[in-house]
Amino acid sequence: MTLVAALQAALTVEHQAVYGYGLGAAHLKGSRYRRALAALTAAEARRDLLMSMLRTRDVEPVAAAPAYVPPAPVTDSITAQALCRHLEEVCTGAAWDLAAASAADSDARGLAVAWLASAAVNAAAWAGSTDAEPALPGSP
Amino acid sequence: VTAARDSELQIIAMYTALASVAGPQQPAYVRLLDLHRQHLHALVDAQMTPVVEGVATAKAASALVAASVAPLQSAAVAAVSGQRAALLASIAASHVAQGSNATTPGRVS
């Protein structure tokens, strides 16, 4: 995968995360609601950074779709948390690909490494169990 | 990669010692042991026998896991090979997730 393809794929995933966390947060309360909002804010920041990286390389960033279909209906707190966990698992895959496609000591590599850690922590938090700790988050 | 491998060996040694003591938390230690063995197997082809020096404590093991994150991430950022970078970053991410989980035995808060 080329760097530009990995950046575009990462941006696509972040568009989905921004939409998905908005959808999921609507069904959450208390600390879970706050965790979803924090993840939403972080996803928006990464989305903007990824768009900036693509424009720096004279590439038009992929646009967000008006809406995305969740993998399962989101109707309550349980299904909302499952969606949030799913989003983070997808993010770990995109972060892994970006780490693999980027050059040493580049801005994209730095973003990918930090993103992978963040997504692994969030995925474990949404799963709420040590069983959720993946040995190698995001590995293909 | 050598430093990451050595770090995993030390972590494995500590959790091996902790898991060898029967108690209610033994399954959790065994699970963590399996996790770090997978990290090690991803880093090296040959299986190695870890050696623990001194007394292993849950707090020391958690501290070692936490202390390994920054070097792993730095190595990932600097790695020339993309696949190796992703692997190191992934192990670092797993260590971060382990440290963030409140149910991890011996977590240093």
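Please treat every number below as a calculation from the coordinates, not as lab data. Just so we're clear, the structure is a prediction, and the values are computed from it rather than from any experiment. Please note: Cβ atoms are built from the backbone with ideal geometry, for glycine as well, and neighbour counts cover all protein chains shown.
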Practice prompt. Check whether at least one residue in the stretch A:57-79 is of a type outside the set (Gly, Ala, Ser) and in contact with a Lys or Arg (Cβ under 7 Å, 6 or more places away or on another chain), and report yes or no.
Written response: yes
Practice prompt. Considering every residue within the stretch A:117-128, establish whether at least one is more than 14 Å from chain B (Cβ to nearest Cβ) and aliphatic (A, V, I, L, M).
Written response: no
